[in-house]
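Take a look at the structure below.
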DNA sequence: GTCCGGCCTGTTACAGTGTAACGACCGGGC
DNA sequence: GCCCGGTCGTTACACTGTAACAGGCCGGAC
């Protein structure tokens, strides 16, 4: 559907710091380590499927759909169904290891080890397809104030901004779909 | 999928407009009038399909999916395909007459005649399914500041808060799915 | 040991979401 | 007249997401 750029194709084998892309230095290993610690602490099962799902998402430099993930997890003899991926993603999102980008129906690794209360702002670049996750206490405060005033008790927050990232503004704007 | 109550249609006439918009029934007639004026001014075609689509969305008190709309627009002999509804919705969203709720894949009427620059905050109640649209200059400012700092040039903004609306907090929490 | 129950995964089936492509119709402008 | 642009009907298709059921695995109770 939205084959935005072949941003994350560089297969840089490994060893070099897995800065997947533009500015998302989510290191897969760090994220996996965090997951393992979390599972340990809470008595949860960080299964192979969940781990591989997390790795796939972390290694891509842009949001991945569930079916894309399923495809990447599948091998000639061994097909992974999307429904299994959804279940793994449920687990991962529930525990803050990946985030769902509602406006794209796609998933990105969590770039912060944010506390439960904090909510992120996602900056989605239309040119290169990258997603940057930031946190702003100021925005949180404004939101809290507005919500309180409206008598609304928030449970989850979605803040997604689409536009053009700094890197893409530099290069010729419409230099389409190129990796950052 | 989500048959959340038949919420809309409360004329809570009196004045506790805490946040300047009275989350009441968007007057369908007003919205249609606005559309007609807009089409007139810009030389656009406010066709029957677009008008009926707008009316259906405006008359419902909660977000409607494209297929729901198609169903409501269809009559025994005359079926309206979802794809036509999508095209009408494209037109309506493009011109700020309806909004898309990304987290629900559904549409609500615009409750403000907001200027192009302004972006809305949507308060989505998990209990009754209603959606309240508010605008906060403070939030806009915080966002702008964060975006500028990140060197990100925004094109569109999505802010959606899920939780429990004031009315539903009063009544027994889990009295789910009841009209407000 | 066996049995049981919970959790995870595989599988099938299905409903909902969204777009692409083609053709017809209708309104001007020329 | 003819063309051109925009709208709409139709078909087809791909993607998104959930429900339901079955099998496996593991740990605890007995």
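Read-outs throughout are calculated quantities, based only on the coordinates presented, and are distinct from any laboratory measurement. Bear in mind the structure is a predicted one, so any value in this text is a computation, not a measurement. Neighbour counts are summed over all protein chains in view; Cβ atoms, including those assigned to glycine, are modelled from backbone coordinates with ideal geometry.
Computed values, structure above
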read-out	value
Estimated FRET transfer efficiency when R0 is 41 angstrom, pair residue A:29-residue B:83 (beta carbons, to 0.05)	0.35
Convex hull projection area averaged over all views, segment A:40-113, Cα basis, nm²	5.1 nm²
Computed Rg/Rh of segment A:28-170, alpha carbon atoms with Kirkwood Rh	1.00
Cβ-vector label at 7 Å, residue A:149, separations to other copies in nm	2.1
Mean Cα-pair separation over length for segment B:46-124, i.e. relative contact order, pairs under 8 Å, 6 or more apart, %	31 percent
Inter-chain Cβ neighbour average for residues B:161-171, partner chain, 10 Å	4
Inter-copy spacing of residue A:74 label points, which lie 7 Å from Cα along Cα→Cβ, given in nm from shortest upward	3.1
Relative contact order, percent, segment B:28-170 [alpha-carbon distance under 8 Å, six or more residues apart]	19 percent
Label-point gap, in nm, between residue B:71 and residue B:94 - each point 7 angstrom along Cα→Cβ	2.8 nm
